[in-house]
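Here's the structure we're looking at; comments come further down.
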Amino acid sequence: AQSVAQPEDQVNVAEGNPLTVKCTYSVSGNPYLFWYVQYPNRGLQFLLKYITGDNLVKGSYGFEAEFNKSQTSFHLKKPSALVSDSALYFCAVGEYGNKLVFGAGTILRVKS
Amino acid sequence: DAGVIQSPRHEVTEMGQEVTLRCKPISGHDYLFWYRQTMMRGLELLIYFNNNVPIDDSGMPEDRFSAKMPNASFSTLKIQPSEPRDSAVYFCASSSTGRHGEQFFGPGTRLTVL
């Protein structure tokens, strides 16, 4: 079965510093990988996805993610964090039938 | 496009009462998903439909939970009878074939069972 792991419950970073939110995956075959963000009292919002092609995927709000097949990782990154980036971030892997398997989520706190 | 619409946004009810949550997916989407989110259990997939047909309901916690999709533009999730442990935020999401699983989430319904 497909699965993803987010090893950090929370990531703290200072505003203006680069941020990384980690995700590793376990799949059979080629993975479809996703990042979603959830702001307080809101539904999840799509940030970016990797299907095939360039290992560096660019998404919304200046976020990007790097697909690393040898390390089975798909870490979310941003060069310069904003306080408004503070939210709950979910990594997910695609399964059959448009189904997504989500990780447990990582709280990102950006302090000014 | 209005996005995925859920109603009500908040529901407070007493234990034993029937609760019905509603969802209108994005027009043209052929997949619909119901999720539940709690602090303890995180985000759980309850059931999903493809072309109005339930495909996987293995996440439905008990027989007290049921879901229907009578047409492409409407789905309900019903809990009867409700219990305090059902308190959670329930999300509906939709997607379309060909988008490799990209799902669009509604704002959620916050259910509190007293």
Original post:
Could you list, in sequence order, the residues of the range B:3-28 that are farther than 21 Å from B:R64 by Cβ, of a type in the set (V, I, T) and buried (at least 16 other Cβ atoms within 10 Å of the Cβ)?
Top reply: B:V4, B:I26
Subject >> Residue count for the range A:27-54, restricted to those that are closer than 22 Å to A:E95 by Cα and within 15 Å of the chain's Cα centre (by Cα) >> reply: 16
**OP:** Scan the range B:33-84 for residues that are of a type in the set (G, A, S) and farther than 19 Å from B:M15 by Cβ and jot them down.
**Re:** B:G42, B:S58, B:G59, B:A67, B:A72, B:S73, B:S75
Subject >> Residue check, B:C92 assigned to a strand (DSSP E or B) and facing chain A (nearest Cβ under 9 Å) >> reply: yes
Original post:
Does any residue of the range B:11-22 turn out to be within 11 Å of another protein chain (Cβ to nearest Cβ) and either without any contact (Cβ under 8 Å) to a residue 40 or more places away in the chain or under 15 Å from the mean Cα position of the chain (by Cα) (or both)?
Top reply: no
Original post:
Got at least one residue in the range B:63-76 being surrounded by fewer than 21 Cβ atoms within 10 Å (Cβ to Cβ), of a type outside the set (G, A, S) and closer than 23 Å to A:Y32 by Cβ?
Top reply: no
**OP:** Mind listing just one residue for me: the one in the range B:47-84 that is in a strand (DSSP E or B), among the hydrophobic types (A, V, I, L, M, F, W, C) and more than 12 Å from every other protein chain (Cβ to nearest Cβ) and, of those, nearest to B:I5 (Cα to Cα)?
**Re:** B:F74
**OP:** From A:S80, A:S70, A:S84, grab the single residue that is surrounded by fewer than 14 Cβ atoms within 10 Å (Cβ to Cβ) and assigned to a helix (DSSP H, G or I).
**Re:** A:S84
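Of the residues A:V37, A:V21, only one is surrounded by 14 or more Cβ atoms within 10 Å (Cβ to Cβ), under 30 Å from B:A88 (Cα atoms) and touching a Lys or Arg at 6+ places or on another chain (Cβ under 9 Å); which? Please lay out each step first, then the result.
On the way: A:V37 fails: touching a Lys or Arg at 6+ places or on another chain (Cβ under 9 Å).
A:V21 is the lone residue from the list that is surrounded by 14 or more Cβ atoms within 10 Å (Cβ to Cβ), under 30 Å from B:A88 (Cα atoms) and touching a Lys or Arg at 6+ places or on another chain (Cβ under 9 Å).
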Subject >> Of residues in the range A:21-59 being modelled with pLDDT of 95 or more, assigned to a loop (DSSP other than H, G, I, E, B) and in contact with a His (Cβ under 9 Å, 6 or more places away or on another chain), the one nearest to the other protein chains (Cβ to nearest Cβ) >> reply: A:C23
Original post:
Can you name the number of the only condition in (1) in contact with a strand residue (DSSP E or B) (Cβ under 6 Å, 6 or more places away or on another chain); (2) closer than 30 Å to B:T109 by Cβ that A:F67 fails?
Top reply: (2)
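Would you mind stating whether A:L76 is of a type in the set (A, V, I, L, M) and under 18 Å from B:G101 (Cα atoms)? Spell out how you get there, then give the answer.
Numbers: of a type in the set (A, V, I, L, M): yes; under 18 Å from B:G101 (Cα atoms): no.
Here the answer is no, as A:L76 does not meet what is asked.
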**OP:** Scan the range A:55-100 for residues that are closer than 16 Å to A:K22 by Cα, more than 13 Å from the chain's Cα centre (by Cα) and among the hydrophobic types (A, V, I, L, M, F, W, C) and report the count.
**Re:** 1
Subject >> Members of the range B:95-114 that are more than 7 Å from every other protein chain (Cβ to nearest Cβ), of a type in the set (D, E, K, R) and either in a loop (DSSP other than H, G, I, E, B) or buried (at least 21 other Cβ atoms within 10 Å of the Cβ) (or both) >> reply: B:R99
Original post:
Of the residues that make up the range B:27-45, is at least one part of a strand (DSSP E or B), basic (K, R) and more than 14 Å from chain A (Cβ to nearest Cβ)?
Top reply: no
Subject >> Among residues of the range B:37-54, those that are surrounded by 15 or more Cβ atoms within 10 Å (Cβ to Cβ) and either aliphatic (A, V, I, L, M) or in contact (Cβ under 8 Å) with a residue 24 or more places away in the chain (or both), counted >> reply: 6
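The values are calculated or read from the model by the stated rules, or taken from the named source; none is laboratory data. These figures come from a predicted structure and were not determined experimentally. Every residue, glycine as well, gets a Cβ built from its backbone with ideal geometry; the counts of neighbours run over all protein chains shown.
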